[in-house]
Amino acid sequence: MNTYYNPEDLKKFGKIGELGANELAQKFFAYYGEVFKEGALSEREKSLIALAVAHAVQCPYCIDAYAVDSLEKGADEDMIAEAIHVSVAIRGGASLVHGVQAMNKVKDITM
Amino acid sequence: MKTTKSLKARGEQLSDTMVQLRVLNGKEIMEEQFPLFADKLKNIQLFPLQPTGIDIFQVNVGKMCNQVCAHCHVDAGPDRKEIMTKASLERCLEILSKTDIKTVDITGGAPEMNPHFRWFVEECSKLGKKIIDRCNLTIILANPKYHDLPEFFAKHQVEVVSSLPYYSEKRTDSQRGEGVFEKSIKALQMLNAVGYGQEGTGLTLNLVYNPSGAFLPPGQSSLEADFKRQLKRKYEIEFNSLFAITNLPISRFLDYLIQSGNYEVYMEKLVNAFNPVAAQNVMCRNTISVSWDGYLYDCDFNQMLELKVASPKVQHIDDFDIEALNKRSIVLNQHCYGCTAGAGSSCGGETV
Ligand code: SF4
Ligand code: SF4
């Protein structure tokens, strides 16, 4: 069955440079590796942020990858669930806060 | 998946070690073949793998256990009756008295269920050996006759090494059985009460983390800090070190991997995480493992796969010969990838 998303494709991510612009791909991966190293934030915090963002951008590859990575960085189910709820809250909040714009507009044009 | 019986008692084909080895080599149940572990060692000039000596004498005193953990590499449980006899334990003591092997590492099953356990510890103590007991914690509460184990351990300065897969109930119980977390916490508090894990007492309490599923363990030091903080905050528990251990794809964990559809992905993960430095430091290089019936193995995993040491004339405690054993080549197979992934894994945790 053909689908746009295929779990096997995640393994090919590292070879994206084969498409072209290999130098840019390599720079991206070097940068990517640096980003996730322990710094002011721990590796676990970064992994959970990545998981939350993955849910916000709804990337199935990143969700799979960072669900596993979070566990391998010592997170448990509650931490993972809370990270996802942060994403949900921000997405929901971002919609709702636009309600202010609607509210303003409605006020502008109503008596 | 709740396990209440060993693979053996359930009559599962995987309880046959030949079947396990065939699975690992893509010849039965699973078709996927992975690069040979031995070839990986050849690439780094580490083949044949040889011991550096024998520092640790690990005795598996029996497969009987009060728990039936889902990942158990021993396939232990209450239904397993294999127990080391006093005669074999005596033979082990004789070996220990005649060699300068410093550490006796007692494991099982629940080693304390061997009726000669206390006597054996006392005798090892008289020999001045460092004694490690791999205690599953819940045994301490399983029966009044075990309630004084903490005092007994303290008396003989036994280093206690205990599994606690996580500082939460859900994770612990999903791997080790319902109610195990609560009992483990109680047992840890009892050990603390007699001085274990407390500064200045010299009584060492180490915990073992291993993943409750098909993933690799986190870095040991950051996890240790988490465990220390959380166990202290929630339960006033203290301990010395945390060992992060990788689950090897054998026995009940192999069964779990196959049943849950995670086998290929997990093996691939182990193979991709092969670390040459960890390979240098695998525990079989300084350990000898003895089974309940007195046979010798390179490690507890090889023991559970029935891969005896490759020194044909010395395969049993009755023929123990340290010189000959030091010249042996270690028996390797695909499960060995579990010891060399990432930061490495041994009975003492990370190896890198
Ligand atoms: S892992 Fe340890 S405590 Fe659990 S069943 Fe096996 S021997 Fe018993
Ligand atoms: S499984 Fe045993 S023989 Fe294989 S590398 Fe690990 S300790 Fe050595």
Given a cut-off of 32 Å, name the pairs among A:27/B:269; B:81/B:228; A:15/A:46; A:37/B:5; B:130/B:232; B:27/B:86 whose C-alpha atoms lie farther apart than that in the structure shown. B:81/B:228; A:37/B:5; B:27/B:86
Based on the alpha-carbon gyration tensor of the range A:48-111, what equivalent-ellipsoid semi-axes (square roots of 5 times the eigenvalues) come out, in whole Å, largest first? 36, 11, 6
In whole Hz, the Karplus estimates of ³J(HN,Hα) for the range A:70-82 (6.51, -1.76, 1.60; θ = phi - 60°; x where Gly or Pro) are 4, 4, 6, 9, x, 7, 10, 4, 5, 5, 4, 4, 5
For the range A:2-69 the translational diffusion coefficient, Stokes-Einstein from a Kirkwood Rh over Cα pairs at 20 °C and viscosity 1.002 mPa s, in µm²/s, is roughly 161 µm²/s
On a full-extension model of 0.36 nm per residue, what is the gain between residue B:234 and residue B:85, subtracting their alpha-carbon distance, rounded to one decimal in nm? 49.5 nm
Hey, got the average number of other protein chain Cβ atoms within 10 angstrom for residues in B:217-226? 4
Just to check, using Stokes-Einstein with a Kirkwood Rh over alpha carbon pairs, what's the diffusion coefficient of chain B at 10 °C and 1.306 mPa s in µm²/s? 78 µm²/s
Using a Cα-Cα cut-off of under 18 Å, which aspartates and glutamates could be cross-linked to residue B:170, ignoring same-chain neighbours fewer than 8 residues away? A:72, A:76, A:77, A:78, A:82, B:178, B:182, B:226
Show me the GluC sites (Glu not before Pro) within the range B:13-78 that DSSP assigns to loop and that have at most 14 other Cβ atoms within 10 Å of their Cβ. B:31, B:32
Would you mind working out the magnitude of the charge dipole of chain A relative to its Cα centre, with +1 at each Lys and Arg C-beta and -1 at each Asp and Glu C-beta, to the nearest 20 Debye? 500 debye
Residue with peak Gaussian network fluctuation, chain A [Cα springs, cutoff 10 Å], from A:95, A:47, A:87: A:95
How big a patch of accessible area, both sides summed and in Å² to the nearest 100, lies buried between B and A at a 1.4 Å probe? 900 Å²
Over the Cα atoms of the range B:27-112, what is the Rg over Rh ratio if Rh follows Kirkwood? 1.11
Report the relative contact order of the range B:146-233, percent, no decimals, based on alpha-carbon pairs under 8 angstrom and at least 6 residues apart. 35 percent
Normalising by the residue count of the range A:41-110, find the relative contact order in percent from Cα pairs under 8 Å and 6+ residues apart. 34 percent
Whole-angstrom gap from the range B:244-281 to the range B:161-189, using each part's C-alpha centre: 23 Å
Dividing the mean separation of Cα pairs under 8 Å (6+ apart) by the residue count of chain B yields a relative contact order in percent of 22 percent
Taking the mean number of other Cβ atoms within 10 Å as a proxy for protection, how do you rank A:98-110, A:24-36 from highest to lowest? A:24-36, A:98-110
Summing -39500 (n - 2.57) over every DSSP H run of at least 4 residues in chain B and dividing by its residue count gives a helix-only mean residue ellipticity at 222 nm, to the nearest 500 deg cm²/dmol, of -10000 deg cm²/dmol
Loop-resident sites, the range B:1-91, for trypsin sites (Lys or Arg not before Pro), counting at most 16 other Cβ within 10 Å (DSSP): B:2, B:5, B:10, B:27, B:81
In nm, spacing of pseudo-spin labels at residue B:27 and residue B:352 (7 Å Cα→C-beta vector): 3.1 nm
Report the paramagnetic label zone for residue B:329: residues of the range B:257-295 whose backbone N is under 17 Å from a point 7 Å from Cα along the Cα-to-Cβ axis. B:285
Relative to the present Cα-Cα distance, how much length would full extension add between residue B:310 and residue B:38 at 0.36 nm per residue of separation? 96.4 nm
Let me check I have the definition right: for the protein assembly as shown, take the eigenvalues of the Cα gyration tensor, multiply each by 5, take square roots. What are those semi-axes in whole Å, largest first? 44, 28, 20
Using only Cα atoms, locate the centre of the range B:86-130 and the centre of the range B:50-66, then give the distance between them in Å, rounded to an integer. 11 Å
Chain A, Gaussian network, Cα under 10 Å: of A:68, A:97, A:88, the residue fluctuating most is A:97
Report, as an integer, the average count of C-beta atoms from other chains found within 10 Å of each Cβ along A:65-72. 4
Could you compute the FRET efficiency for residue A:5 and residue A:29, with r as their C-beta to C-beta distance and R0 at 22 Å, rounded to 0.05? 0.55
Long-range amide H contacts for residue B:64: which residues qualify at under 5 Å (H placed 1.01 Å from N, peptide plane, sequence gap of 5 or more or a different chain)? B:82, B:110
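The values are calculated or read from the model by the stated rules, or taken from the named source; none is laboratory data. Treat the numbers as computed from the prediction; the structure is a model and nothing was measured. Don't worry about glycine lacking a Cβ; one is built from the backbone with ideal geometry, like all the others, and counts go over all protein chains shown. When the accessible area is computed, the model is the full protein with side chains, heavy atoms only, and any ligands, DNA or RNA have been set aside. Shrake-Rupley method; radii C 1.70, N 1.55, O 1.52, S 1.80 Å.
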